[in-house]
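Peer 1: The structure under discussion is supplied below as structure tokens; questions concerning it will follow.
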């Protein structure tokens, strides 16, 4: 497979020891934690797009179809997910490169090589990936953000940021593949994971907010999270209101809270859950509907 021209550059900015922050749609994007967090940073820091990775060699296009906007028979717009790099300057510290893309279906080795080639080209000082995972964690407890790292020197840094150290055996995402390939190249990398309650199948701004707080702690990023904090509080309020109206969900969450309290060690999505999901998972369709109504009223 030829890779010579697979990164398209629109600009080649001069950057100062930038962090490379990566987020992906797809499997590692539970509760939209990864995609929402990346989009929030790009928007609020007014990051500028400077490079892209074309999709065709890396995706099964029949499962990643473009979305059409059609009204009264007329095609108005065709939307398609993309892989874009953005940058922003930081006057008081290291600069930032953001990557917002889709986890590739094919050729992880080539895709990762392209990303890391760009990282080395711009003198990236550290790589941080952001992901979301569904877990058996109650929303009423502090949000769990876990981390894994690829170099022993990063352990103290991760611990200072009050991140839980991941214990896990099972299938991996592109995040872990990037960390291992980065280690082989001598690049330091951390992967942050926000753990969303499995019974909340919706964009979880509370989890995203907590992931971004840890990211700010790690990098010193100057970004205003106050409106996201308010959105997080509102999200919590809406969930609590819905739980009060659903005795079955109250019972599920009460049992989950008791199990969580008894646990000597928090299980980080080990994939070895023995109980039937159908006994524990409650999809809050009313919550999804309420979110859409709030968006319409805004």
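Peer 1: Given the options 79, 71, 48, which has the most mean-square fluctuation in a GNM of the chain, springs set between C-alpha atoms less than 10 angstrom apart?
Peer 2: Comparing 79, 71, 48 in the GNM, the peak value goes to 71.
Peer 1: Please identify, among 66, 197, 104, the residue showing maximal mean-square fluctuation in a Gaussian network model of the chain using a 10 angstrom Cα cutoff.
Peer 2: 66
Peer 1: If you don't mind, there's one more thing I want to ask. Taking the chain as the reference, fit the longest principal axis to its C-alpha atoms, fit the long axis of helix 108-121 to the helix C-alpha atoms, and give the angle between the two in degrees, 0 to 90, nearest 10.
Peer 2: 60
Peer 1: Hey, another quick one. On average, how much area does the Cα convex hull of segment 107-163 cover when viewed from any direction, in nm²?
Peer 2: Value for segment 107-163: 5.8 nm².
Peer 1: Between the alpha-carbon centers of segment 207-231 and segment 144-171, tell me the distance in whole angstrom.
Peer 2: One Cα centre to the other: 18 Å.
Peer 1: Could you list the square roots of 5 times each eigenvalue of the Cα gyration tensor of segment 20-165, that is, the equivalent ellipsoid semi-axes, sorted largest first and rounded to whole Å?
Peer 2: Values: eigenvalues 163, 87, 55 Å².
For segment 20-165, the semi-axes come out at 29, 21, 17 Å.
Peer 1: Further question on the same structure: For a label point 7 angstrom out from the Cα of residue 113 toward its Cβ, which stretches of segment 43-60 have the backbone nitrogen within less than 18 Å?
Peer 2: The answer is 53-59, whose backbone nitrogens lie closer than 18 Å to the label point.
Peer 1: Further question on the same structure: Taking only DSSP H segments of four or more residues, each worth -39500 (n - 2.57), what value at 222 nm results for the chain once the sum is divided by all its residues, to the nearest 500 deg cm²/dmol?
Peer 2: Working: 9 runs with 110 residues, N = 298.
Rounded to the nearest 500, it is -11500 deg cm²/dmol.
Peer 1: With the cut-off at 33 Å, report for the chain the share of all Cα pairs above it, as a whole percent.
Peer 2: Numbers: 11928 of 44253 pairs.
More than 33 Å apart: 27 percent of the Cα pairs in the chain.
Peer 1: Pick from 68, 147, 161 the residue whose mean-square fluctuation is largest in a GNM of the chain, springs joining Cα atoms under 10 Å.
Peer 2: 68
Peer 1: Could you work out how far helix 285-297 tilts from the main Cα principal axis of the chain, as a 0 to 90 degree angle to the nearest 10?
Peer 2: Approximately 60 degrees, to the nearest ten.
Peer 1: Let me ask something else. Please report the projected area of segment 20-91's Cα convex hull averaged over all directions, in nm².
Peer 2: Values: hull surface 27.4 nm².
Here the figure is 6.9 nm², rounded to one decimal.
Peer 1: Next question. So if we plug the beta-carbon distance of residue 141 and residue 72 into 1/(1 + (r/R0)^6) with R0 = 41 Å, what FRET efficiency do we get, rounded to 0.05?
Peer 2: On the way: r = 49 Å, r/R0 = 1.19.
Once rounded, the FRET efficiency stands at 0.25.
Peer 1: If only Cα atoms are counted, what is the Rg of segment 81-182, and what is its Dmax, in Å?
Peer 2: Every Cα atom of segment 81-182 included, Rg and Dmax give 15.4, 44 Å.
Values quoted throughout were computed directly from the atomic coordinates according to the rules given, and no laboratory measurement underlies them. Note that the structure is a prediction, hence the values are computed from the model and not measured. Please note: Cβ atoms are built from the backbone with ideal geometry, for glycine as well, and neighbour counts cover all protein chains shown.
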